[in-house]
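Enquirer: To start, I am sharing the structure in question, which I have written as structure tokens.
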Amino acid sequence: MDKQITRREFLRGLAAGSGVALLAACGGGATPAAQDTSTPVPPDGATTAPAQVGGTGSTVNITYWGSFSDVLGEAEQAMVNAFNTAQQDVVVEYQYQGSYEDTAQKFTAALQAQAIPDVILLSDVWWFKFYLAQAIAPLDDLAAQAGVDFSDYQPVLLNEGVRDGVHYWIPFARSTPLFYYNKDIWAEVGLPDRAPRTWDEFGEWAPQLVQRSGNTMTRAAYVHPGAASYIAWLFQGVIWQFGGRYSTPEFEITLNEPDSIRAAQFFSDTVNNYGWAMHSTDINREFIGGQAVSMMASTGALAGIQRNAPFAVGVGFLPEERTFGCPTGGAGLAIPAGASAEKQQAAMAFIAFATSTDGTITWSQSTGYMPVRISAVNDPKMQAFFEENPNFRTAVEQLPKTRAQDAARVFIPNGDQIIGRGLERIVINRENVERVWQDVTVELEEGAAPVLEDLEALRARA
């Protein structure tokens, strides 16, 4: 008989997953800041675990490949444990694969070896590659069989996984950047308890936040990540704020437009001319350790940062320049096209469970990731949680102002890292912005060519 899982049982599952996640974390998988490998704690509020799922009539064993280490991995394992306890028709085995990049590379190898998982977590920059390769299944019929109501998902998060009216990628661990700041330092220097409304305003505040010992900056007002920590994702919002963009939806690269150049020059100036920002390979460490007092980082890191910071953490919308700009990010769930029909149905049952109203409430409150269901945001349990934890409300309030990222970063293979390495040349090496963006443009155009060919081939077969 199916049963509802209580919050106590979900937390028992979280504890049971600790050893698995800890061993996985020791495997050396990359843990970039924007991947949100923070330390979430299930809240004390009365949250129930996801609702029960309908039975398939027989026991089906499936494997789920995930990408989270540390306590996020424990929360992911706990979701699997809760699903396995909630019904008796499907048994999911959770297998940690490493970072988003590790998971995608292992999936590529698994496709060649014909040893694929049955459900997989794919990041915003990877799912499209597998769509082009026709390696992930269309989900509409499976979702209808499982009773999944797409109209209840946040449209801006759901629609990114739609191609030609068909769903291929269901939002799960979805995020946006937030502006994080050290409330204690803000109060110490007399700043208002809020994020800066504009970059110009922050430029006025920043000198008050910096500390120096001689010519050495011992405390920065702000910290930038590197390419491996997804600086290109955080800069996506900034380039929009300055009126620029990475590309058009048709893959025309637009980095050498004046406003795109101006945005990158601003990032460089914060470190090299204004002198109030620093660069780091681990922005969460610098922020929590007090070496920097603000940063842009994922909402998915919120629970862990609040737990680990020895100060009060504030969050706010991203600053504006010419306009507001903020991208969506994170990961969603997909089903490999090569799995059997029975296993695809079982995989969709798990997806329906994990992204249900109760499922997304549990996941969001435990991690800081976005509630992907409209009903979850409006649920009394979530509203009560927001009242007690207002920082978690910020990303939800910012969500209507966000948009999907430019094609150059998410649809061109390695586009994120190509742009990120260019930003490192600009910010760290102090190279000329126009010259770097020209090099990056050439590299992105070369990467876009086969994508355009694949898209044309898919249209021809349609």
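The values are calculated or read from the model by the stated rules, or taken from the named source; none is laboratory data. As the structure is a prediction and not an experimental result, all values here were calculated from the model. Virtual Cβ from ideal backbone geometry, glycine too; neighbours counted across all protein chains shown.
Enquirer: Could you tell me which of the residues Thr63, Thr85, Thr56 is of a type outside the set (A, V, I, L, M), at pLDDT below 90, over 23 Å from Gly415 (Cα atoms) and surrounded by fewer than 22 Cβ atoms within 10 Å (Cβ to Cβ)?
Expert: Thr56
Enquirer: Testing Ala407 on (1) assigned by TED's automatic domain parsing to the domain that holds Thr248; (2) closer than 24 Å to Tyr64 by Cα, one condition comes back false. Which one is that?
Expert: (2)
Enquirer: List the number of the failed condition for Ile419; all other conditions in (1) in contact (Cβ under 8 Å) with a residue 12 or more places away in the chain; (2) outside the structural domain of Ile305 (by TED's automatic domain parsing) hold.
Expert: Unmet condition: (2).
Enquirer: If you scan region 222-249, which residues turn out to be closer than 17 Å to Ile428 by Cα and in a helix (DSSP H, G or I)?
Expert: Hits for region 222-249 are Ala227, Ala228, Ser229, Ile231, Ala232, Leu234, Phe235.
Enquirer: Can you find a residue in region 264-272 that is acidic (Asp, Glu) and touching a residue at least 24 places away in the same chain (Cβ under 8 Å)?
Expert: No, region 264-272 contains no residue that is acidic (Asp, Glu) and touching a residue at least 24 places away in the same chain (Cβ under 8 Å).
Enquirer: Looking at region 172-194, can you tell me whether even one residue there is at pLDDT 95 or above, of a type in the set (D, E, K, R) and either in the same structural domain as Ala146 (by TED's automatic domain parsing) or part of a strand (DSSP E or B) (or both)?
Expert: yes
Enquirer: Here is a check on your reading of the model: is Ala349 closer than 18 Å to Val148 by Cβ, in contact (Cβ under 8 Å) with a residue 12 or more places away in the chain and more than 19 Å from the chain's Cα centre (by Cα)?
Expert: Yes.
Enquirer: Being outside any helix (DSSP H, G or I) and either farther than 17 Å from Gly237 by Cα or modelled with pLDDT under 95 (or both) is the filter here; which residues of region 195-214 pass it?
Expert: Val210, Gln211, Arg212, Ser213, Gly214
Enquirer: Shifting gears a bit: Go through (1) touching a strand residue (DSSP E or B) at 6+ places or on another chain (Cβ under 9 Å); (2) surrounded by fewer than 21 Cβ atoms within 10 Å (Cβ to Cβ); (3) under 30 Å from Glu188 (Cα atoms) for Thr367 and report which single condition fails.
Expert: (2)
Enquirer: Taking into account only those residues within region 157-181 that are of a type in the set (A, V, I, L, M, F, W, C) and more than 20 Å from Ala232 (Cα to Cα), which is surrounded by the fewest Cβ atoms within 10 Å (Cβ to Cβ)?
Expert: Val166
Enquirer: Which of (1) in contact with an Asp or Glu (Cβ under 9 Å, 6 or more places away or on another chain); (2) of a type in the set (Val, Ile, Thr); (3) surrounded by fewer than 21 Cβ atoms within 10 Å (Cβ to Cβ) is the odd one out, the single condition Thr108 does not satisfy?
Expert: Unmet for Thr108, out of (1) in contact with an Asp or Glu (Cβ under 9 Å, 6 or more places away or on another chain); (2) of a type in the set (Val, Ile, Thr); (3) surrounded by fewer than 21 Cβ atoms within 10 Å (Cβ to Cβ): (1).
Enquirer: Looking at (1) modelled with pLDDT of 95 or more; (2) surrounded by fewer than 24 Cβ atoms within 10 Å (Cβ to Cβ), which one does Pro413 not meet, given that it meets all the others?
Expert: It fails just one condition, (1).
Enquirer: Turning to a different aspect of this structure: Only one of (1) under 30 Å from Pro310 (Cα atoms); (2) in a loop (DSSP other than H, G, I, E, B); (3) of a type outside the set (S, T, N, Q) fails for Met217. Which number is that?
Expert: Among (1) under 30 Å from Pro310 (Cα atoms); (2) in a loop (DSSP other than H, G, I, E, B); (3) of a type outside the set (S, T, N, Q), Met217 violates only (2).
Enquirer: With within 24 Å of Ala297 (Cβ to Cβ), over 19 Å from the mean Cα position of the chain (by Cα) and either at pLDDT 95 or above or not in a strand (DSSP E or B) (or both) as the only criterion, which of Phe392, Phe385 stands out?
Expert: Phe385
Enquirer: Can you tell me which residue among Gly316, Gly359, Gly368, Gly304 is of a type outside the set (A, V, I, L, M, F, W, C), out of contact with any His (no Cβ under 7 Å at 6 or more places or on another chain), outside the structural domain of Gln77 (by TED's automatic domain parsing) and under 28 Å from Trp127 (Cβ atoms)?
Expert: It is Gly304.
Enquirer: For Asp152, indicate whether it is surrounded by 15 or more Cβ atoms within 10 Å (Cβ to Cβ), in the same structural domain as Thr362 (by TED's automatic domain parsing) and modelled with pLDDT of 95 or more.
Expert: Answer is yes for this residue.
Enquirer: Let me ask something additional. If I ask for residues that are in contact with a Lys or Arg (Cβ under 9 Å, 6 or more places away or on another chain) and assigned to a loop (DSSP other than H, G, I, E, B), which ones from region 412-431 would you list?
Expert: Pro413, Glu431
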